[in-house]
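Take a look at the structure set out below.
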Amino acid sequence: MGSMEGAKAENGGGAAVAVVACNGGGGGGENVGRRGKAAAAAAAAAAAGTAALPLEVGTKVMCRWRDQKLHPVKVIERRKISSGGANDYEYYVHYTEFNRRLDEWVKLEQLDLDTVESDIDEKVEDKATSLKMTRHQKRKIDETHVEQGHEELDAASLREHEEFTKVKNIAKIELGRYEIDTWYFSPFPPEYNDSPKLYFCEFCLNFMKRKEQLQRHMRKCDLKHPPGDEIYRSGTLSMFEVDGKKNKVYGQNLCYLAKLFLDHKTLYYDVDLFLFYVLCECDDRGCHMVGYFSKEKHSEESYNLACILTLPPYQRKGYGKFLIAFSYELSKKEGKVGTPERPLSDLGLLSYRGYWTRVLLEILKKHKSNISIKELSDMTAIKADDILSTLQSLDLIQYRKGQHVICADPKVLDRHLKAAGRGGLEVDVSKLIWTPYKEQS
């Protein structure tokens with residue numbers, strides 16, 4: 001059984017959104033036969049001089065993906081197969097067309113050895129070029145080559161982050177009724193790093209290496225919902241507020257779980273400073289976590305959300321939008337404006353920009369007279385800077401005679417609203433029973 005106590009911190013930061021898909025598996029003797037033939041073909045190609053085995057880290061080659069098509073990859077890491085020969089390795093590859101979340105271990109037979117490219121020439125060329133550059137010029141080039149979604153990390157931090165987290169240590173988790181493929185590295189204690197799959201208790205979030213351990217735990221665990229106060233219930237949906245100081249192990253384990261699906265999430269080991277808002281679907285077996293967001297108890301920067309995650313089986317159901325809307329309803333109750341912690345991930349920015357667009361344009365459609373940025377902020381609890389950037393991205397604001405003027409043509413508003421998509425599940429404010437943290441005794 002595991003928890004996060006005593007683990008070491010990892011770089012990252014900001015609010016992020018993750019929604020992932022669960023993949024099924026396959027098998028059978030026919031597949032084994034095909035794999036054997038492919039392996040033999042790969043070995044024959046290598047013997048013919050197509051490529052030297054084992055492949056070096058940094059090698060570029062074409063790899064057969066789950067769509068059965070070849071895609072360009074770069075070898076990130078390799079490991080020897082214990083029962084194999086001298087050149088029998090598995091390779092951890094990054095699909096250069098896709099996000100890092102799809103990096104995975106592959107067998108030799110998935111690689112087309114006729115397409116092998118070594119990056120040795122590239123390194124030599126880079127070295128020769130760098131000799132002709134000043135240090136400042138090289139730094140400027142490094143800073144422009146930043147992977148999408150990592151724009152707010154400087155080049156040195158990005159390199160350090162990617163080196164530390166380059167290989168996923170946990171491939172799958174089991175949570176409740178679901179088996180879920182992970183996206184990213186999460187710094188579990190070292191004793192869990194050799195576990196291809198971890199088993200989580202869906203109520204207390206303790207994790208184990210084996211199914212039997214989970215089954216024994218479930219017979220003893222008396223929790224049927226997150227260990228906090230239920231502050232919202234509407235139909236089968238419930239929201240629980242969990243104080244990180246009162247439920248430290250739960251908060252730490254939740255961060256561990258979230259990091260498997262968020263690339264640049266900071267793991268806050270001092271969870272005492274945070275409140276966790278856990279959204280659940282409830283039935284007669286208990287309250288099953290759908291997703292969550294966290295927020296600092298006291299934020300000098302007006303952050304109303306530190307991290308947000310929708311769990312894989314609940315994607316495309318409007319829960320992410322619900323969580324964002326809920327965070328702003330809490331801000332309204334506090335009488336404050338709010339904004340998510342930066343940097344936002346690529347998916348995070350997309351979700352927030354959609355939320356801000358829908359909320360602001362619905363008001364502009366109904367509001368016939370002039371309205372200021374401050375009035376919009378007071379009505380929505382959205383920070384003025386976020387309102388300004390959203391309206392500017394939609395070309396709905398102009399700067400005239402020293403002030404910003406909103407241009408709200410009804411046809412243009414309708415077009416943007418349609419592009420923003422559905423608003424997701426509505427938060428029924430009448431069902432929210434909550435006292436801001438500062439007012440609690």
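Results, tabulated for the structure shown:
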quantity: Long pairs among Lys224/Lys332; Lys224/Lys321; Lys74/Lys197; Lys209/Lys295, criterion Cα-Cα beyond 28 Å; calculated: Lys224/Lys332; Lys209/Lys295
quantity: Residue-count net charge about Ala384 - beta-carbon cut-off 15 Å; Lys, Arg +1, Asp, Glu -1; calculated: -2
quantity: Average Cα contact separation per residue, the range 227-313, under 8 Å, 6 or more apart, as relative contact order %; calculated: 24
quantity: Burial ordering of Arg400, Arg64, fewest other beta-carbon atoms within 10 Å first; calculated: Arg400, Arg64
quantity: Cβ-defined net charge surrounding Leu396, 15 Å radius [Lys, Arg +1; Asp, Glu -1]; calculated: +2
quantity: Sparsely packed GluC sites (Glu not before Pro) within the range 337-432, loop by DSSP, other Cβ within 10 Å at most 14; calculated: Glu426
quantity: Spatial separation of Cα centroids for the range 168-211 and the range 302-351, in angstrom; calculated: 25
quantity: Farthest positive-ward along the range 184-268 dipole, Cα basis, beta-carbon charges - from Tyr256, Tyr192, Pro227; calculated: Tyr192
quantity: Summed side-chain charge close to Ser83 - residues other than Ser83 whose Cβ falls under 14 Å, Lys, Arg +1, Asp, Glu -1; calculated: +1
quantity: Estimated FRET transfer efficiency when R0 is 41 angstrom, pair His404-His298 (beta carbons, to 0.05); calculated: 0.85
quantity: Where trypsin sites (Lys or Arg not before Pro) fall in DSSP loop in the range 250-313, at most 11 other Cβ within 10 Å; calculated: Arg285
quantity: Relative contact order [Cα under 8 Å, 6+ residues apart], the range 361-441, whole percent; calculated: 22
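FYI, it's all coordinate maths here, none of it is from the lab. Every value quoted in this text rests on a predicted model; they were computed, and no experiment measured them. When we count neighbours, we look across all protein chains shown, and the Cβ atoms used for this are built from the backbone with ideal geometry, even at glycine.
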